[in-house]
Amino acid sequence: MDIAQLSNLLLEIFYIIIGLFMGITMVFTIKDTNHKTRIGTALFWGILAVIFILGNYIPSTIVGLLVVVIAILSATKQINIGTLKQLDETFANIKAEKLGLKIFIPSLSIAIIAMLVATFTGFPGTVAIGISALCALALTFIITKAKPKELLADSNRTFQSVGSFAILPQLLASLGVLFTTAGVGDKIASIISNVIPTGNALIGVATYCIGMALFTSIMGNAFAAFAVITVGIGVPFVFSIGGDPLICGTLALTAGYCGTLLTPMAANFNMLPAVLLEMKDKNAVIKVQAPFALILLAVHIFLMYSLGF
């Protein structure tokens, strides 16, 4: 078995694990008799479990129909948080004081292990993250001495807190492919060419960076926005007049991340923390990040113009 085949096998295993946890959330939801929309919510988690576990083996048309069902459930507000077991704050504080800074080891290990795996093996980034996540989970059990049932309860708590946003990354990635295939980038180039002059590096760079940030804010995903904006703005207004594709392309992608900081569409970055921290203002994270995002966007324009030409 070569590295590519092993990578695909590991990815499939990771998807199955995620799907199983989603199935567990479905079971928790069905058992929650106080949940007002438990049928719709359980159906949502059941569908996601099927997609993650069997997605490679069922026809794409069926997967598309299942996604439509999810959209209907979300539009009719049938996906909601059920009754979750409340944490004992006194017990939590005692455990936190006992563990001290060791509690951050699993979180930090995800980044460190993923970097090491991606650097010293032939595994792609997605596989490296999956391996590091499992290692971090094992470290969590070792450090906290938690019981397996606590993992099930907390995974249910996390999934229910995320809610319908759980499928958003996959949908946004698909949207990026759809936009590129439909020629949205070419349409953007046509529109932009009538507004800004060609041959001006500074204006081209500013438009490229700002376009990436805006489109990322709309799509919630810089990777999805990158292909569209690069075709529509990067190639005709930056690369064609001498911009270094490597430098300008890299900075364009990170400029898109500035848009990630500004949008509720990036649910896992901006909405999930607000939900987990039980903030009254669900946009509080975005409001704090906004000034830094705008400053970083200006820095990106300067760097692309000074380093890319």
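The values are calculated or read from the model by the stated rules, or taken from the named source; none is laboratory data. Computed from a prediction, not measured in an experiment: that's the story for all the values here. Reconstructed Cβ throughout: ideal geometry from the backbone, glycine too, with neighbour counts over all protein chains shown. Surface accessibility is based on the protein's heavy atoms, side chains included, excluding ligands, DNA and RNA. Shrake-Rupley method; radii C 1.70, N 1.55, O 1.52, S 1.80 Å.
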Take the residues in the range 240-299 that are among the hydroxyl-bearing types (Ser, Thr, Tyr) and more than 14 Å from the chain's Cα centre (by Cα); name whichever of them is nearest to Met212 (Cα to Cα). Thr254
Just wondering, is there one or more residues in the range 141-164 that are free of Cβ contacts under 8 Å to residues at least 24 places away in the same chain, of a type in the set (S, T, N, Q) and surrounded by 14 or more Cβ atoms within 10 Å (Cβ to Cβ)? no
Looking at Ala114, is it at negative phi, of a type outside the set (S, T, N, Q) and at pLDDT 90 or above? yes
Quick check on Phe141: is it among the aromatic types (Phe, Trp, Tyr), closer than 30 Å to Leu99 by Cβ and assigned to a helix (DSSP H, G or I)? yes
Name the residue that is nearest to Leu261 (Cα to Cα), counting only residues in the range 186-221 that are aliphatic (A, V, I, L, M) and crowded, with 24+ Cβ neighbours inside 10 Å. Ala213
Just checking, which of Lys145, Lys149 is at pLDDT 75 or above, among the charged types (D, E, K, R) and on the phi > 0 side of the Ramachandran plot? Lys145
Of all helices (runs of 4 or more DSSP H) fully inside the range 222-309, the set with 1 or more residues that are within 22 Å of Ile191 (Cα to Cα) and modelled with pLDDT of 90 or more is 245-260, 284-307
Grab the helices (runs of 4 or more DSSP H) fully contained in the range 13-99, keeping just those with 2 or more residues being open to solvent by 70 Å² or more (accessible area, probe 1.4 Å) and modelled with pLDDT of 90 or more. 38-54, 60-75
Which residue pairs have Cβ atoms closer than 8 Å, lie 6 or more positions apart in sequence or on different chains, and pair a first residue in the range 111-130 that is free of Cβ contacts under 8 Å to residues at least 24 places away in the same chain with a second residue that is open to solvent by 90 Å² or more (accessible area, probe 1.4 Å) and of a type in the set (Val, Ile, Thr)? Ala114/Ile129
